[in-house]
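Working notes, beginning with the structure itself.
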């Protein structure tokens with residue numbers, strides 16, 4: 001089944017201990033779409049400026065991503081520039097130029113409105129809620145967010161959570177949102193706002209899936225060499241939602257498998273800058289790491 | 001089979017967000033011994049002062065722990081006082097009074113010298129090496145350490161590692177020892193010093209077991225309520241080594257199971273101060289959480 005994603009499309013300038021890229025393709029919707037397209041059809045809604053390289057548009061089209069919802073408007077594309085410290089755990093933002101993304105008002109094309117899976121990538125929760133007002137009875141709504149919105153749009157985010165089936169957050173965000181450092185107590189609080197499940201991403205420590213009567217702990221695929229963690233969360237979400245939409249089920253075992261798929265896709269993504277590693281990744285590579293993780297957790 | 005443990009025995013004064021204890025029984029050898037004695041016979045070597053409460057000695061004896069190696073000397077018992085912050089991840093030491101422990105020179109009783117399993121709890125690596133000079137051909141040597149020794153006795157610790165089969169460290173310690181933040185690269189470095197395996201404890205993120213051709217990822221048992229993390233590492237080691245000694249094998253699957261046993265015993269320990277929770281824990285409770293973890297990781 002198809003997935004609708006609404007999020008950012010950016011040109012990132014990134015410095016990590018092992019390299020640097022200037023104006024590389026990035027953004028939550030971009031990373032998510034590419035990752036999800038290993039498994040399912042993706043319909044992308046976002047905005048770029050007239051300076052957005054045509055090669056990126058062609059690449060997305062060639063990948064089979066539906067870009068009817070991609071607006072190209074006069075002005076400059078959203079740019080983010082940042083760097084990571086030695087252990088790649090923390091990004092330092094050097095500059096954020098929202099440009100055309102600053103006035104982004106998602107318009108869901110008529111042909112997208114009945115998409116069964118909706119992924120609300122990290123954008124202003126007011127806009128995420130606006131997207132939900134435009135779509136018709138989605139089968140499953142999955143959302144992401146970031147520390148900025150918890151900080152300045154907490155009420156709107158909590159409102160959004162009423163209509164989200166599965167919320168994806170990282171451990172720092174869930175602690176910030178709930179004021180709870182204990183992951184179980186924090187998850188319980190988020191579940192009380194509405195979602196049936198929450199996936200807590202813990203970077204190199206893996207991810208947990210928590211529901212009212214569900215607790216699943218998944219390891220991260222262990223990597224000796226990471227080059228750029230940008231997009232790890234978005235590609236995790238892409239693998240997760242992409243797999244769910246491909247099997248058309250959302251039972252407990254399927255959700256657990258989806259977490260593993262998400263982890264594997266993210267593990268490839270962080271091995272190089274931008275989409276460079278994912279572009280070389282094949283479905284068979286994903287299955288290979290999936291099997292390795294299976295061996296890694298059995299006892 | 002029997003386990004010889006050499007380590008500290010302390011009276012701890014601890015403040016956590018949920019409570020306080022003054023002069024409660026603690027120390028690495030104490031926590032380890034109690035935890036390991038769920039599974040195996042333990043022979044304990046340590047030192048206390050003449051002020052050490054007799055009730056603790058009786059409790060250890062009643063538990064079946066061999067305390068022939070427990071020296072009681074004139075003076076005061078080792079005292080540690082500390083507190084934990086809100087998320088219980090970091091201990092702040094308020095006071096360390098080594099007292100009789102400051103002059104501790106482990107003397108292994110003749111009847112202990114051929115003990116097949118040797119656990120070197122966290123003490124000065126010079127003393128850990130001295131213990132290995134006193135024992136006869138142990139089947140398996142497992143060791144722990146702490147940031148202090150990495151800081152001031154690094155060379156001695158690296159020397160020790162030549163004769164250790166399984167090293168147990170936490171993620172901060174292994175990064176400090178190797179200068180590597182990546183757990184795989186850090187583990188490879190430690191393995192190059194001698195051990196066949198390293199177990200990296202990651203607190204609430206679980207533990208990993210790494211060998212030349214082994215990578216096992218174990219979750220921590222999820223707890224909504226923790227009261228005192230003191231002794232978590234020592235009780236993990238106690239469950240780990242205790243289980244290994246009880247099954248008399250050290251193949252890959254056994255080692256993986258041992259990590260899970262260690263995690264479960266540690267999960268009970270942190271639910272209350274000192275040994276208060278472990279004293280109420282039965283073997284059946286351990287098996288119960290073991291089964292829950294099994295469910296928690298399957299997909």
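FYI, it's all coordinate maths here, none of it is from the lab. This structure is a prediction, so every number in the text was calculated from the model and none was measured. Glycine gets a Cβ as well: all are built from the backbone with ideal geometry, and neighbour counts include every protein chain shown.
In table form, for the structure just shown:
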| read-out | value |
| --- | --- |
| Residues being crowded, with 24+ Cβ neighbours inside 10 Å and either in contact with a helix residue (DSSP H, G or I) (Cβ under 8 Å, 6 or more places away or on another chain) or not in a strand (DSSP E or B) (or both) - total across region B:9-24 | 2 |
| Candidate set: region A:185-210, residues that are touching a residue at least 24 places away in the same chain (Cβ under 8 Å) and surrounded by fewer than 17 Cβ atoms within 10 Å (Cβ to Cβ); chosen: the one farthest from the other protein chains (Cβ to nearest Cβ) | A:194 |
| In region A:67-88, the residues that are assigned to a loop (DSSP other than H, G, I, E, B) and within 25 Å of residue A:263 (Cα to Cα) | A:85, A:86, A:87, A:88 |
| Test: residue in region A:115-125 that is exposed (fewer than 14 other Cβ atoms within 10 Å of the Cβ) and without any contact (Cβ under 8 Å) to a residue 60 or more places away in the chain | no |
| In region B:44-66, the residues that are touching a helix residue (DSSP H, G or I) at 6+ places or on another chain (Cβ under 6 Å), buried (at least 20 other Cβ atoms within 10 Å of the Cβ) and either part of a strand (DSSP E or B) or touching a residue at least 40 places away in the same chain (Cβ under 8 Å) (or both) | B:44, B:46, B:47 |
| Checklist (1) in contact with a helix residue (DSSP H, G or I) (Cβ under 7 Å, 6 or more places away or on another chain); (2) buried (at least 23 other Cβ atoms within 10 Å of the Cβ) applied to residue B:150, failing item | (2) |
| Failed condition for residue B:256, given (1) surrounded by fewer than 23 Cβ atoms within 10 Å (Cβ to Cβ); (2) in contact with a strand residue (DSSP E or B) (Cβ under 6 Å, 6 or more places away or on another chain); (3) more than 11 Å from chain A (Cβ to nearest Cβ) | (3) |
| Residue within region A:33-43 that is under 23 Å from residue A:102 (Cα atoms) and assigned to a helix (DSSP H, G or I) present | yes |
| Residues within region A:175-184 that are more than 9 Å from chain B (Cβ to nearest Cβ), in contact (Cβ under 8 Å) with a residue 24 or more places away in the chain and over 12 Å from residue A:157 (Cα atoms), tallied | 1 |
| Those residues of region B:271-299 which are more than 12 Å from every other protein chain (Cβ to nearest Cβ), assigned to a loop (DSSP other than H, G, I, E, B) and within 19 Å of residue B:206 (Cβ to Cβ), in sequence order | B:271 |
| Any hit, region B:135-143, residues being touching a strand residue (DSSP E or B) at 6+ places or on another chain (Cβ under 6 Å), free of Cβ contacts under 8 Å to residues at least 60 places away in the same chain and part of a strand (DSSP E or B) | yes |
| Positions within region B:218-239 being within 13 Å of another protein chain (Cβ to nearest Cβ), in contact with a helix residue (DSSP H, G or I) (Cβ under 7 Å, 6 or more places away or on another chain) and not in a strand (DSSP E or B), in sequence order | B:219, B:220, B:221, B:222, B:223, B:224 |
